[in-house]
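Have a look at the structure below, then the notes.
The values are calculated or read from the model by the stated rules, or taken from the named source; none is laboratory data. Bear in mind the structure is a predicted one, so any value in this text is a computation, not a measurement. Counting neighbours? That spans all protein chains shown, and the Cβs are built from the backbone with ideal geometry, glycine included.
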Ligand SMILES: *Cc1c(COP(=O)(O)O)cnc(C)c1O
């Protein structure tokens, strides 16, 4: 171990029992000044946003620290059952505003800063987003942690401390350019290194049999290349309850012995190389959202997370419960966030059988009583599979264990369906073929006692399609847990104006009980309340227009309809359909068809995976259409189109409060849930969407009159695909013809003929899985209904109020209560008194 700090001394209790810090202005002021001048050691000339932010963040962090310790102490004392949430992604965003909100010190902090002529919002901008995730899946993990801390549930997040997070997106000449996100460069106030809990993770080597002292045959994994996993803890504060949970992020570093051996042998290059190799593991987040990535380094990341986290849990278990492994499943649950950490199933078997020497059946009982798996997508390209040869080289012992799990599992299938070889082939953990592959989703299902989807439709489609064989075998494992978002970040913090207005009328109980927003329904037609609701939206639109001006150099008028689609760029999410609608509006303006026009500002934002050529081409089309439309004097204020670069958590905090219309237009059956849809709804934007994912449940809460629904549903999509003729849709629809003519005639690419041919090809191909042209007419009509509704402010405002009022179901507080009721079964544990 690099630094062994495990040997603690017997110390005087007063060394660790400090009286709690005061939360008032003068105490915060004193700490702020002390950090700036003494800890950071800065002078007049260093009064930059960065150092002032850092000083403030330390003053706030101190107040979390004592609550954090008190929470840990309570969990220890109760030896409480815990859930470990294993995820390759945690898209946390910024921490300062959230910490101040949850500690209820935003106002005193604002006052302190005012004494020095500083604006809180400006200092807060100095904090870099913690972008350790791609999109929805990673942000969901972050919302879950927030809700668990607020519900005082003992839930610990385990993830990776990537040196480089999600890339920064720039738009240069209309194209996406990726810049590395070295987010740790200026230091990270919110983490606490815990070298005393360093773990060792094995790779490579080979396995050999031996007999233990009782003469039993056992296996050991030898000749491995080891990497150290050093944990860094990040505090996760609950709202107003003194609870602070932890997110533990592992950082990879080389073992000392490695380096020493090579140095002693005089091979300095090799010594540095092995160090370099080890540190590569947590160097960078893979920027692929919902698509498989067959790279060896990715498998290393997955195993590194699983092994380090499970060893950490076993370490704690040994300390608290000795080697009583019967209690392991009683005291721990592991929630697998998609298949990414599913190698944990095999790794826990290895740790129990090889290292703790349990027999197989007993170990398997523990594993299958403690693992639970969440599926996030039906897209076949996202189903993780790893070549057997890669496992053989990288994780030989894990492959043997997977083979053994598979043999026993297929035995069970054979007993249930004798002679059904087709079924055996489909359900095997190993996919046969030229390159045999390990099916990670199957490993997760076989090893888990619970398998859930993330919205009603998605969970149903899983049991009917992808997981049907497993559903027939174990129907009791399958369940639904509809996603949510935390209203602390996504309403209370990001929309202070609306929060104040709401709390003025119904109190602030909604911050921890979102269902209370229902009380707003009685105000939906109140003229005075409506006026104030519109004033808030208008101010938020001005704030968003400033962002658009600063980051995209475009002018949005807050009087126009703000029509917004922000999310990862993916064909199934159909930013292309949105773009076709803008082209259609442009064509209407050009032919003078502008009676009863609703001025509209269309904002599209999102990152494309660097290797996803189609997604990048869609960005080019959007920026090309924008260039033409925004410069055309015939268009004027009727229409604007902007691609907002570098969509991320902190920009969404400005976007969703300023939105009028929320575009959720995926091909039905493809968006597992969506969570952006929920953030918009909560902030009073009205959804224009397909019958897909959680849109369905949003629509259920609202009724058709408060939601612009359009397009094919999942069943119609399946039926249409069987005999899809895009050309027929073009021939039947003059509006679509006009759009295709502009596109095919090269209006958006006059200097690069053929540039958009791949997009035109995809749209007009009978094989187009996204059925974009099949939904065009319905989409344009729904947009016209939305535009008409917007021209009637009383009607629109009523819809907006009802959207917020009925968003209660989409709080992750509800989601976490359901996970806890059905899967985790944890008791809430309040912290020790401060
Ligand atoms: C909420 C969120 C997402 C998920 O958006 P969807 O519309 O559900 O795909 C992605 N990225 C960021 C930054 C988010 O805040």
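Every condition in (1) buried (at least 17 other Cβ atoms within 10 Å of the Cβ); (2) within 15 Å of residue 783 (Cα to Cα); (3) away from the ligand (no atom under 16 Å from the Cβ) is met by residue 599 except one, and the failing one is (1). Considered as a group, the residues in segment 552-565 that are in contact (Cβ under 8 Å) with a residue 24 or more places away in the chain and surrounded by fewer than 22 Cβ atoms within 10 Å (Cβ to Cβ) include one that is nearest to the chain's Cα centre (by Cα), and that residue is 552.
Within segment 583-596, no residue satisfies the criterion of being over 25 Å from residue 773 (Cα atoms) and either touching a strand residue (DSSP E or B) at 6+ places or on another chain (Cβ under 8 Å) or within 16 Å of the ligand (Cβ to nearest atom) (or both). Among the residues of segment 540-582, which ones are more than 16 Å from the ligand (Cβ to nearest atom), outside any helix (DSSP H, G or I) and over 21 Å from residue 792 (Cα atoms)? Those that are more than 16 Å from the ligand (Cβ to nearest atom), outside any helix (DSSP H, G or I) and over 21 Å from residue 792 (Cα atoms): 553, 554, 555. Residue count for segment 493-513, restricted to those that are in contact with a helix residue (DSSP H, G or I) (Cβ under 7 Å, 6 or more places away or on another chain) and outside any helix (DSSP H, G or I): 3. Looking at 639, 688, just one residue is within 16 Å of the ligand (Cβ to nearest atom) and in contact with a strand residue (DSSP E or B) (Cβ under 9 Å, 6 or more places away or on another chain), and that residue is 688. A Cβ distance below 6 Å, combined with a sequence gap of six or more or placement on separate chains, defines the contacts here; from segment 293-309, residues that are more than 17 Å from residue 346 (Cβ to Cβ) reach no residue that is at pLDDT below 95 and surrounded by fewer than 23 Cβ atoms within 10 Å (Cβ to Cβ). The criterion of at least 3 residues that are crowded, with 24+ Cβ neighbours inside 10 Å, more than 15 Å from the ligand (Cβ to nearest atom) and within 26 Å of the chain's Cα centre (by Cα) is met, among strands (runs of 3 or more DSSP E) falling completely within segment 68-180, by 82-86, 155-160.
Give the residue that is surrounded by the fewest Cβ atoms within 10 Å (Cβ to Cβ), with candidates limited to residues of segment 266-287 that are modelled with pLDDT of 85 or more and outside any helix (DSSP H, G or I). Among those residues, the one meeting the criterion is 283.
For segment 369-387, what are the residues that are over 29 Å from residue 570 (Cα atoms) and buried (at least 17 other Cβ atoms within 10 Å of the Cβ)? Within segment 369-387, 370, 371 qualify. In segment 18-47, of all residues being assigned to a loop (DSSP other than H, G, I, E, B) and touching a residue at least 40 places away in the same chain (Cβ under 8 Å), the one that is farthest from residue 107 (Cα to Cα) corresponds to 18.
In the set (1) part of a strand (DSSP E or B); (2) surrounded by 15 or more Cβ atoms within 10 Å (Cβ to Cβ), residue 240 fails one condition alone, (1).
Here is a yes/no grid of residues against (1) within 33 Å of the chain's Cα centre (by Cα); (2) exposed (fewer than 12 other Cβ atoms within 10 Å of the Cβ); (3) over 25 Å from residue 188 (Cβ atoms):
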site	(1), (2), (3)
18	no, yes, no
22	no, no, yes
27	no, no, no
30	no, no, no
41	no, yes, no
49	yes, no, no
53	yes, no, no
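The residue that is surrounded by the fewest Cβ atoms within 10 Å (Cβ to Cβ), counting only those in segment 468-489 that are away from the ligand (no atom under 16 Å from the Cβ) and under 22 Å from the mean Cα position of the chain (by Cα), is 479.
If only residues of segment 535-551 that are free of Cβ contacts under 8 Å to residues at least 60 places away in the same chain and touching a helix residue (DSSP H, G or I) at 6+ places or on another chain (Cβ under 7 Å) are counted, the one that is surrounded by the most Cβ atoms within 10 Å (Cβ to Cβ) is 536. Of the residues that sit in segment 649-676 and are near the ligand (Cβ under 8 Å from one of its atoms) and more than 21 Å from residue 90 (Cβ to Cβ), which one is nearest to the chain's Cα centre (by Cα)? So, considering only residues that are near the ligand (Cβ under 8 Å from one of its atoms) and more than 21 Å from residue 90 (Cβ to Cβ), the one nearest to the chain's Cα centre (by Cα) is 671.
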